[in-house]
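To keep things clear, I will list the structure first and then write my remarks on it.
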Amino acid sequence: MSSSQLTVRGLAAGYHGFQVLQGLDLDVPPGITVVLGPNGAGKTTLLKALAGLLPREGEAVLDGVALPSGEATACVRKGLALVAEGRQLFPQMTVTENLELGAWLSPPRLRNERLARAFEDFPRLKERASQLAGTMSGGEQQMVAVARAMMSGPRLLMLDEPSLGLAPRMVDELLAIVRRIAAQGVTVLMVEQNVRKALQAADRGYVLERGKIVASGEARALLDSDAIRKAYLGVA
Ligand SMILES: Nc1ncnc2c1ncn2[C@@H]1O[C@H](COP(=O)(O)OP(=O)(O)OP(=O)(O)O)[C@@H](O)[C@H]1O
Ligand SMILES: [Mg+2]
């Protein structure tokens, strides 16, 4: 089992001269790290900057190898996968076709191995292998998106609000899958609005507000902290 580690130093990113993130330092060890924070804090910007979908300043190093700025394909080759906000499946293609696209950079042999693995890990998708992705339920579509990201064989899986719009039971099922992925040795960095459930599933957390880290630590400690309880869990 691998144990991948992401180290980020002085990360800055934004849009057309509007700086959103200013000098972030993050340590993402093996296991699950969750990023919390209010709307507009810069959580999605952070994941996009790490995935090479946005140019950035600063260092991002995965297992000793620098991730290049603004080069999404190179980042995938270096072991990083992102499940973006809103899933972005191909609705007119089948589940299997969507999954196969996740392995577009991998040789056919690996593609077939990973597809078999995906159907083992996500039995619900195996039952629906030839269904059009656009006709799946919201929760099923989110599973397709996660399974598709796993098809590239990542060492670091990033998820942007995977539980958005899902019923509580589906949220639990999805977080259980994420835990299983982490237990298989894939390091996870996840943005979540579902603060309590995310901290219960995660090992560590960061809180991002207005582009800056305002708190970080063990997930359990964050769950018990007064500041988090007041700001995010509605506890007076
Ligand atoms: N393409 C863009 N062009 C210009 N500004 C953008 C763009 N995308 C995001 N922003 C701005 O960057 C800031 C951070 O946005 P971001 O999407 O990273 O926040 P977030 O923490 O993911 O919020 P949410 O919880 O609502 O998803 C916001 O002020 C937003 O308006
Ligand atoms: Mg976002």
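Taking the conditions exactly as written (on the phi < 0 side of the Ramachandran plot and under 17 Å from the mean Cα position of the chain (by Cα)), does T33 satisfy them or not? Please lay out each step first, then the result.
Numbers: on the phi < 0 side of the Ramachandran plot: yes; under 17 Å from the mean Cα position of the chain (by Cα): yes.
It is true that T33 is on the phi < 0 side of the Ramachandran plot and under 17 Å from the mean Cα position of the chain (by Cα).
Considering only residues that are closer than 22 Å to D63 by Cα and part of a strand (DSSP E or B), look in the stretch 14-29 and name the one that is nearest to ligand 1 (Cβ to nearest atom). Give the steps one after another, and end with the answer.
In the first step, residues of the stretch 14-29 are kept if they are closer than 22 Å to D63 by Cα; the result is 23-29.
The next check asks that each one be part of a strand (DSSP E or B); those that pass are 23-28.
Working: G23: 16, L24: 12, D25: 18, L26: 15, D27: 20, V28: 17 Å.
Here the residue is L24.
Hey, among the residues in the stretch 205-236 that are surrounded by fewer than 13 Cβ atoms within 10 Å (Cβ to Cβ) and of a type in the set (D, E), which one's modelled with the highest pLDDT?
Filtering the stretch 205-236 for residues that are surrounded by fewer than 13 Cβ atoms within 10 Å (Cβ to Cβ) and of a type in the set (D, E), the one modelled with the highest pLDDT comes out as D224.
Looking at L24, is it within 16 Å of ligand 2 (Cβ to nearest atom) and touching a strand residue (DSSP E or B) at 6+ places or on another chain (Cβ under 7 Å)?
On the way: within 16 Å of ligand 2 (Cβ to nearest atom): yes; touching a strand residue (DSSP E or B) at 6+ places or on another chain (Cβ under 7 Å): yes.
When the stated conditions are applied, L24 passes them.
Output the residue which, of all residues in the stretch 130-147 that are aliphatic (A, V, I, L, M) and within 23 Å of the chain's Cα centre (by Cα), is surrounded by the fewest Cβ atoms within 10 Å (Cβ to Cβ).
Initially, the stretch 130-147 is screened for residues aliphatic (A, V, I, L, M), giving 132-133, 136, 143-147.
Next, from what is left, pick out any that are within 23 Å of the chain's Cα centre (by Cα): 133, 136, 143-147.
Details: A133: 24, M136: 21, M143: 25, V144: 28, A145: 23, V146: 24, A147: 25.
In this case the residue turns out to be M136.
Considering A176, A219, A183, A231, which residue is hydrophobic (A, V, I, L, M, F, W, C), in contact with a helix residue (DSSP H, G or I) (Cβ under 7 Å, 6 or more places away or on another chain) and more than 16 Å from ligand 2 (Cβ to nearest atom)?
The unique qualifying residue is A219.
Six or more apart or on different chains, Cβ atoms under 6 Å: show the pairs whose first residue is in the stretch 179-207 and more than 21 Å from Q5 (Cβ to Cβ) and in contact (Cβ under 8 Å) with a residue 24 or more places away in the chain and whose second is hydroxyl-bearing (S, T, Y) and within 14 Å of ligand 2 (Cβ to nearest atom).
What qualifies is N194/S163.
Return the only residue of L62, L36 being among the hydrophobic types (A, V, I, L, M, F, W, C), more than 16 Å from ligand 1 (Cβ to nearest atom) and crowded, with 21+ Cβ neighbours inside 10 Å. Steps first, please.
Details: L36 fails: more than 16 Å from ligand 1 (Cβ to nearest atom).
Only one candidate passes the filter, namely L62.
Among (1) surrounded by fewer than 16 Cβ atoms within 10 Å (Cβ to Cβ); (2) touching a residue at least 40 places away in the same chain (Cβ under 8 Å), where does P107 come up short?
(2)
With A51, A41, A81, A13 as the choices, which residue is of a type in the set (A, V, I, L, M) and away from ligand 2 (no atom under 16 Å from the Cβ)? Break it down into steps so the answer makes sense when it comes.
Numbers: A51 fails: away from ligand 2 (no atom under 16 Å from the Cβ); A41 fails: away from ligand 2 (no atom under 16 Å from the Cβ); A13 fails: away from ligand 2 (no atom under 16 Å from the Cβ).
Selected residue: A81, the only one of A51, A41, A81, A13 that is of a type in the set (A, V, I, L, M) and away from ligand 2 (no atom under 16 Å from the Cβ).
The values are calculated or read from the model by the stated rules, or taken from the named source; none is laboratory data. In this text, all values refer to a predicted model and were calculated from it rather than measured experimentally. Every residue, glycine among them, receives a Cβ derived from its backbone with ideal geometry; neighbour counts consider all protein chains shown.
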